């Protein structure tokens, strides 16, 4: 296995871009959003607050397995926080998962606000799709410029 695969994979780079764009828009004291790839790499919006939730690796893997089985969004409770998990994918890339942690939310209050949570999940998915399309357009433009520069007659 190549040690650079996770660092250079399409989904890894896309996840980092998604995290940067989404996390900049989150309010302080708001939800904790975690972008997680299929390999377990994660990008939390607030590392310290996410660590305080003390969510175990096996629990996260179980949530991801449920999402992979098609049950989404998953709403569950861990200690004093509600956790919502859903798939994060674009037309071309399976990015993994998005988790939203709502500290001090009960399952009931989370379900009351499920429409807003689903809107946030949809917006994150939209950011992912737009970032992917932007990257594809950029690559196409670079190929076009490369082809154009190769067709120029030499000026000898």
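Values in this text are rule-based calculations from the coordinates and carry no lab data. Please read these numbers as outputs of a predicted model, since none were measured by experiment. When we count neighbours, we look across all protein chains shown, and the Cβ atoms used for this are built from the backbone with ideal geometry, even at glycine.
Exposure proxy shown here: for 99, 137, 131, 53, the number of other Cβ atoms within 10 Å sets the order, fewest to most, as 137, 53, 131, 99. Listed from fewest to most Cβ neighbours within 10 Å, the set 64, 95 follows the order 64, 95. Our estimate of slack between residue 71 and residue 112, defined as 0.36 nm per intervening residue step minus the Cα-Cα distance, is 12.9 nm. Within the listed set 84, 74, 100, the residue fluctuating most in the Gaussian network model of the chain (springs between alpha-carbon atoms under 10 angstrom) is 74.
Using a cutoff of 8 angstrom between alpha carbon atoms and counting only pairs six or more residues apart, the relative contact order for the chain works out to 22 percent.
Between region 62-80 and region 10-58, what is the separation of their alpha carbon centroids in Å? With region 62-80 and region 10-58 each reduced to a Cα centre, they are spaced 16 Å.
From the mean inverse distance of alpha carbon pairs (Kirkwood) and the Cα radius of gyration, derive Rg over Rh for the chain. Walk me through the numbers before you get to the answer.
Details: Rg = 19.0 Å, Rh = 17.1 Å.
For the chain, the value is 1.11.
Each residue, residue 23 and residue 80, gets one label point 7 Å from its Cα in the Cβ direction; the gap between the two is 2.5 nm.
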